[in-house]
1. Mind listing the long-range amide H neighbours of Phe33? Cut-off is under 5 Å, sequence gap 5 or more, other chains count too, H placed in the peptide plane at 1.01 Å from N.
2. From the helices alone, meaning DSSP H stretches of at least four residues, give me the mean residue ellipticity at 222 nm for the chain, per-run term -39500 (n - 2.57), in deg cm²/dmol to the nearest 500.
3. To test your reading of the geometry: what angle, between 0 and 90 degrees and rounded to tens, separates the Cα axis of helix 70-80 from the longest principal axis of the chain?
4. Quick one: length gained pulling Leu55 to Ser26 fully straight, 0.36 nm per residue minus the C-alpha distance?
5. Can you give the relative contact order of the chain as a percent, counting alpha carbon pairs under 8 Å and 6+ residues apart?
6. Which is the longest run of the chain containing none of the GluC sites (Glu not before Pro) found in DSSP loop states (not H, G, I, E, B) with at most 10 other C-beta atoms within 10 Å?
7. Could you derive backbone 3J(HN,Hα) for the range 3-8 from the dihedral phi with the Karplus parameters 6.51, -1.76 and 1.60 (θ = phi - 60°), listing whole Hz in sequence and x where the residue is Gly or Pro?
8. To the nearest 10 degrees, how steep is helix 45-58 against the longest Cα principal axis of the chain, on a 0 to 90 scale?
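Throughout, read-outs are computed from the coordinates displayed, never taken from laboratory work. The shown structure was predicted, so the numbers you read here are calculated from the model rather than taken from an experiment. Using ideal geometry, Cβ is built from the backbone for each residue, glycine included, and neighbour counts are taken over all protein chains shown.
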Amino acid sequence: MLEKSYLIPKREGQLFDYEVWDEHTSEEHKWEFWGGQPFSPEEPFERDRLLICLLYSAGLEYFVKELLPEESREILLTLLQGEDK
């Protein structure tokens, strides 16, 4: 069984290297990788669609309460309350 990801989502998107991408994608590795970003940065439609699909599948409660690290939950709460740091 795979362990939870050690990646910590932050307020803004973060770049990562190919090794991290390789660890987080399927064995077939059929997704694109463009200079630190999954999918093409010029056309984020595929990334956004996949992200929404995965969140839809997992549910926001699971995403927030079970999957997100505490630091990311605090950032999300700040964003939802409309407070900028």
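1. Amide H to amide H, under 5 Å and 5 or more residues apart or across chains, Phe33 pairs with Phe39.
2. -11500 deg cm²/dmol
3. Its long axis makes an angle of about 70 degrees.
4. 8.7 nm
5. For the chain, the relative contact order is 32 percent.
6. The answer is 43-82.
7. Listing the rounded values in order: 7, 4, 5, 8, 5, 10 Hz.
8. Tilt of helix 45-58: around 60 degrees.
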